[in-house]
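Visitor: First, the structure itself, so that you have it in front of you.
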Amino acid sequence: MSKKITIEKLQLKSSKVLSEIAERRQELGISQADLAYQLNMTPSGYFKIEKGESKLDLIRLFEIAHYLNIDAKKLF
């Protein structure tokens, strides 16, 4: 029997992933603006991703993981 996935569970997981990204960025002393520059996006655009106000696609997730030197698979 498969587990039922709810919107609430997905939102909780998404929040956890974004929180881990923000924590790692801060550990490395990288500002949101600096990471946004590396990702070729505006600081406000990156801010919205990190705060969960904008959706994060898989490619962008892997880009962020690359710049933060983390294994994206471990975020899940």
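Visitor: May I ask you to list the aspartates and glutamates whose Cα is less than 14 Å away from that of LYS48, ignoring any residue fewer than eight positions away on the same chain?
Guide: Straight-line reach from LYS48, under 14 Å: ASP57.
Visitor: Before anything else, pin down the relative contact order of the chain: Cα pairs under 8 Å, at least 6 apart, normalised by residue count, whole percent. Could you put the intermediate results ahead of the total?
Guide: Values: 47 pairs, mean separation 24.1, N = 76.
Here the relative contact order equals 32 percent.
Visitor: Kindly express, to the nearest 10 degrees and within the range 0 to 90, the angle between helix 58-67's C-alpha long axis and the longest C-alpha principal axis of the chain.
Guide: Tilt relative to the chain: about 50 degrees.
Visitor: Apply the Karplus parameterisation 6.51 cos²θ - 1.76 cosθ + 1.60, with θ equal to phi minus 60°, to every residue of the stretch 4-15 and state each ³J(HN,Hα) to the nearest whole Hz, in sequence, with x for glycine and proline.
Guide: Result, rounded to whole Hz: 7, 9, 10, 4, 4, 5, 5, 5, 5, 5, 4, 4.
Visitor: Based on the Kirkwood radius over alpha-carbon pairs, what value in µm²/s does the Stokes-Einstein equation return for the translational diffusion coefficient of the chain at 4 °C and 1.567 mPa s?
Guide: Values: Rh = 13.0 Å.
The Stokes-Einstein estimate is 100 µm²/s.
Visitor: Additional query: Suppose the chain between LYS48 and ILE5 were pulled fully straight at 0.36 nm per residue; how much longer would it get relative to their current alpha carbon spacing? Intermediate values should be presented prior to the final figure.
Guide: Details: separation 43, 0.36 × 43 = 15.48 nm, distance 2.49 nm.
Between LYS48 and ILE5, full extension yields 13.0 nm more.
Visitor: Let me ask something else. Among the aspartates and glutamates, which have Cα under 15 Å from the Cα of LYS55 when same-chain residues fewer than 8 positions away are ignored?
Guide: Within the straight-line limit of under 15 Å, LYS55 reaches these aspartates and glutamates: GLU63.
Read-outs: derived from the displayed coordinates by stated rules, not from any lab. Just so it is clear, the model here is predicted, and its values are computed rather than measured.
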